[in-house]
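What follows is one structure encoded as structure tokens, with my remarks underneath.
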Amino acid sequence: MIDKRYRNAAEIVAQCPGLQDGASLLVGGFGDAGVPNQLLLAVRDLGLTNLTIISNNAGSGDGGLAALLKAGAVTRVVCSFPRSAGSVVFEELYAAGDITLEIVPQGTLAERIRAGGAGIPAFYTPTAYGTPLAEGRETREFNGRHYVMEMALRADVALVHACTGDRWGNLTYAATARNFNPVMATAATSTLAEVRQLVDHTPPETIITPGIFVTRLVAVAA
Amino acid sequence: MIDKRYRNAAEIVAQCPGLQDGASLLVGGFGDAGVPNQLLLAVRDLGLTNLTIISNNAGSGDGGLAALLKAGAVTRVVCSFPRSAGSVVFEELYAAGDITLEIVPQGTLAERIRAGGAGIPAFYTPTAYGTPLAEGRETREFNGRHYVMEMALRADVALVHACTGDRWGNLTYAATARNFNPVMATAATSTLAEVRQLVDHTPPETIITPGIFVTRLVAVAA
Amino acid sequence: MITPLSTQDIARRVAADIVEGAYVNLGIGLPMLVADQIPPGREFVLHSENGLLGMGPAPLPAAANPDLINAGKQPVTILPGGSFFHHADSFAMIRGGHIDVSILGAYQIAANGDLANWALPGAKLPAVGGAMDLVAGAKQVWVMLAAHVAKDGQPRVVERCDLPLTGLACVDRIYSDLAVIDVTPEGLLVTDLLAGLTPEALQAKTGATLRFAQNCRVLRAT
Amino acid sequence: MITPLSTQDIARRVAADIVEGAYVNLGIGLPMLVADQIPPGREFVLHSENGLLGMGPAPLPAAANPDLINAGKQPVTILPGGSFFHHADSFAMIRGGHIDVSILGAYQIAANGDLANWALPGAKLPAVGGAMDLVAGAKQVWVMLAAHVAKDGQPRVVERCDLPLTGLACVDRIYSDLAVIDVTPEGLLVTDLLAGLTPEALQAKTGATLRFAQNCRVLRAT
């Protein structure tokens, strides 16, 4: 019987394929909505080093991502908007030169991850053409308009936060806590999901992330 | 007040921007599931000529697409699988040389339409590399693997079939009658939807095609 | 003494130009004010790039749902007709040209429509968010300036931007506290001028050559 | 008299090789038989490229739902844990390497894994469907041959395909009525041989050089 459920966050990250020093992690969430905070704390407790984090923001307050950063586990961040009211931990590490940062336009970030999950190695986008964020990128003209070539983005592990999950790994999301989570779930070697509620069965028309994309899941307190 | 509802299929196709001689049409459906048969009959009744149809199949029996073909309205078909048990009308026109055919692998067809709706002018795919269907296509190597460059596909008009629709154009689909309909809805200048049931309001978590993609909709008998 | 428009006045002027049924993305900050100035009886649909169409006003603090936020990470509501979707779908909407109007703030706008609105010299931490995608993808890009000139008196509307660009030739219209200016192939065309302000006075505060529409309208502060 | 495997025998042998929890796409025709041969207690998830995971057996005719069909356009059911999605998402699953095993029929398979399974010389009407996407994207591609040689006695397993290719070097394993053959970097390796058939007899029916595993297993017809 397929059963992807784990008992707690410590178990779900233990012996997770790809989750090791130097790993890249896709981390869902936008602002404080839909961030897999419990999984991030469990990863922090593994004591890993030299991680790359790919996420829209760079953590705020002392939540999961900030805690992982504070533990010194992360040396590189790929994101669209690291600056926020509470992004103190990241800002200090960045100012100290302890973390490198790659800024990617938000839609290009989402599309590069989508491409990574969809077997598309590269695509063209009009976004950022002629701006500093396209420097060094290959460009090309189609029908008189200029585009930048962007490469797919995948990671060793994706950490996602969902509303409900079932034993097959099918996920639903709550409102805008959906954000990057469904695309990130598709683009990693292992996808770990924390869900607020385990359910016996998810109506098939309502599933946003089919279980095929989810390696393991765990219920966390909402 | 936004209200995209039309009273019947004849009204919805009347003065539809882009629906004219020589137009290209994205037509949803896979086999007999999710085919916008009533819209196709309404288009047939317009007496247009020289249409291009982009659809997974090429019609069967005397349903909507076969009826449009039979009327002599179509001179070009882009599809992945024109051959089926009941595709008699298409086969006769093709054999007589009255219709040209472009065969596209099914996943490449879906992705080209998705790209068309998403502002991606071109992308690379491993599908069809080294086969006759990639002849003449530009190819490129990424990380030691070979890929074909494919171009976005858009049309003047998309015809889709959905389960429910509301006045804003939000759509839901039934089971595998979803198929190509949601992607096609995104990739046309005008998107016309036939729905089995008009509803006052669609729960926002259940919407598959947000109304932004739908120009007009009409209720048809199931 | 000439009274410039208040930010509310500017927002009201912008809202008046948005047509019934339009899909509109409001940038963080000043553009958000437009939501409160929608003329009675006119329905348009607000898009938030974190996965929401049909964004409604902020809830009462007690009713705030942390899962339901806007691109500025503030609690919002969803109106009837609204929908949720993931980040890749949200930016497919943007990049694919489905958003009718994107309204943003700006540091500089050039006479050819170049926009700089994401990076200031000496900023400690770069951050871009979705601005580059919005200006590349929306059908219309409108810029709002709370003040026609910067605090140090330097013009914001210039011949050429010297700040890092967000996009090339992307701005269609500028709304400031002094004027409304269309970006046309022939250069900047003032369509609305603050009551009591002479064309010469506006030109003196502008770093690029202005033309004035023959039937230039009058803007009045309230 | 040596009895070759029946198609049911072949399907049973294939099913035995599919591990618990695998995501499997079954091509139209012969591969469909595998669904009926799943060993008791083993759960794997069938993918149908028209937008369905968790495909179940055919319904009774009276219970058939025209909206719920498989890639062969036949009525099917959906099992608990299943989900629906649109065509672009379905082929993102395929192209993105999320399908563990794709099982297809074939006209020819070359010693290097090249596959020809979509076009015969003199076919009146070309049609490709999803085969090229499946062989390019699935982690494992297995081919089923109801008969090791074609009706005219020509081998189907050959040094080089002369029919139009579906994909290059994509086949991992061949299941025929006479043998199971792995496609390896060193060429074709027979891992299972029909009881009573000599290696020389199999080689005589094969158009490419075979090697035989040291611990070659015995296949028995039922």
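Key figures
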quantity	calculated
Whole-Å semi-axes of chain C's equivalent ellipsoid (Cα gyration tensor)	29, 20, 16
Segment B:166-180 - phi-based ³J(HN,Hα) in whole Hz, Karplus 6.51/-1.76/1.60, Gly and Pro as x	10, 5, 7, x, 5, 10, 10, 10, 9, 6, 7, 6, 5, 5, 7
For B:Asn8, inter-copy label distances in nm, listed shortest first [label point 7 Å out on the Cα-Cβ vector]	6.7
FRET E, pair C:Leu125, C:Gln74, Förster distance 30 Å, beta-carbon r, rounded to 0.05	0.90
Rg to Rh, two decimals, where segment A:37-143 supplies the alpha carbon set and Rh follows Kirkwood	1.03
FRET efficiency, C:Ile2 to A:Arg76 (Cβ-Cβ, R0 45 Å, nearest 0.05)	0.30
Distance (nanometres) between label positions extended 7 Å along Cα→Cβ at C:Asp17 and D:Ala169	5.7 nm
DSSP-defined antiparallel bridges as percent of all bridges, chain A, nearest 5	30 percent
Rough spin-label spacing in nm, given labels placed 7 Å along Cα→Cβ, for B:Glu11 and D:Arg217	6.5 nm
0 to 90° range, to nearest 10: angle between helix D:7-16 axis and chain D longest Cα axis	80 degrees
Hydrodynamic radius (Kirkwood) for chain A, which is based on Cα pairs only, to one decimal in Å	17.7 Å
For the B-to-A rotation axis, chain B residue with nearest beta carbon and its distance in angstrom	B:Phe123, 2
Cα convex hull volume per residue for segment B:71-196 (Å³)	156 Å³
For C:Asn25, distant residues with modelled amide H under 5 Å away	C:His47, C:Val101, C:Ser102, C:Ile103
Segment C:1-113: equivalent-ellipsoid semi-axes (sqrt of 5 x gyration tensor eigenvalues, Cα, Å)	24, 18, 14
Angle in degrees between helix A:106-118 and the longest Cα principal axis of chain A, rounded to the nearest 10	60 degrees
The protein assembly as shown: equivalent-ellipsoid semi-axes (sqrt of 5 x gyration tensor eigenvalues, Cα, Å)	50, 33, 25
J(HN,Hα) series, segment B:50-58, from Karplus relation 6.51 cos²θ - 1.76 cosθ + 1.60, nearest Hz, glycine and proline x	6, 7, 10, 10, 10, 7, 5, 10, 10
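Since every read-out is calculated from the coordinates, none of them should be taken as a lab result. No experiment lies behind these values; they were computed from the predicted model shown. Glycine also receives a Cβ, built like all others from the backbone with ideal geometry; neighbour counts cover every protein chain displayed.
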